[in-house]
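Structure, as structure tokens:
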Amino acid sequence: MDVACPSCGETEELRGVRRDETIELSCLECGHEWPRDLAPTCTACGGTDLQAVPLAIVEKGRGTQLSVVGTRTIHLCYECDAETIARWHRNRPNPLMPDELPTM
């Protein structure tokens with residue numbers, strides 16, 4: 001998830017300090033400060049009914065072999081990502097495979 005300053009749009013020169021249930025962000029470019037809630041939200045609909053799902057990190061090994069080298073947690077919306085969540089549930093306990101696999 002990319003974070004950008006709501007005032008100037010800066011995405012690199014940002015600093016944050018955790019305070020209870022929020023992160024107090026500040027932009028080093030324009031000086032704007034704003035709170036960011038720690039609870040994840042859906043980027044499409046803004047909903048908070050999300051499922052944490054492990055997403056596989058895949059690298060190409062020898063020949064055509066693909067290897068899962070790790071996982072990272074993503075949050076999927078029950079409304080917007082229902083099909084992807086259903087696909088993950090069918091293949092549990094395996095992690096969700098990425099949409100694009102390495103080809104080189």
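Things worth noting here:
- Test for Gly46: is it closer than 22 Å to Asp2 by Cβ and of a type in the set (Gly, Ala, Ser): yes
- Restricting region 44-68 to residues that are within 14 Å of the chain's Cα centre (by Cα) and under 17 Å from Leu96 (Cβ atoms) leaves a set whose member that is surrounded by the fewest Cβ atoms within 10 Å (Cβ to Cβ) is Ala52.
- Region 16-48 - residue that is among the charged types (D, E, K, R) and either touching a helix residue (DSSP H, G or I) at 6+ places or on another chain (Cβ under 8 Å) or modelled with pLDDT under 85 (or both) and, of those, nearest to His75 (Cα to Cα): Asp37
- The lone exception for Pro54 - which of (1) in the same structural domain as Thr103 (by TED's automatic domain parsing); (2) modelled with pLDDT under 90 it fails: (2)
- Residue in region 86-98 that is assigned to a strand (DSSP E or B), exposed (fewer than 15 other Cβ atoms within 10 Å of the Cβ), in contact with a strand residue (DSSP E or B) (Cβ under 8 Å, 6 or more places away or on another chain) and in contact (Cβ under 8 Å) with a residue 12 or more places away in the chain present: no
- Tally, over region 33-85, of residues that are assigned to a strand (DSSP E or B) and either of a type in the set (A, V, I, L, M, F, W, C) or touching a residue at least 40 places away in the same chain (Cβ under 8 Å) (or both): 17
- The set of residues in region 59-80 being in contact with a Ser or Thr (Cβ under 7 Å, 6 or more places away or on another chain) and either acidic (Asp, Glu) or modelled with pLDDT of 90 or more (or both) consists of Glu59, Leu76.
The values are calculated or read from the model by the stated rules, or taken from the named source; none is laboratory data. All values reported here derive from a predicted model rather than from experimental measurement. With ideal geometry, Cβ positions are generated from the backbone for all residues, glycine too; neighbour counts draw on all protein chains shown.
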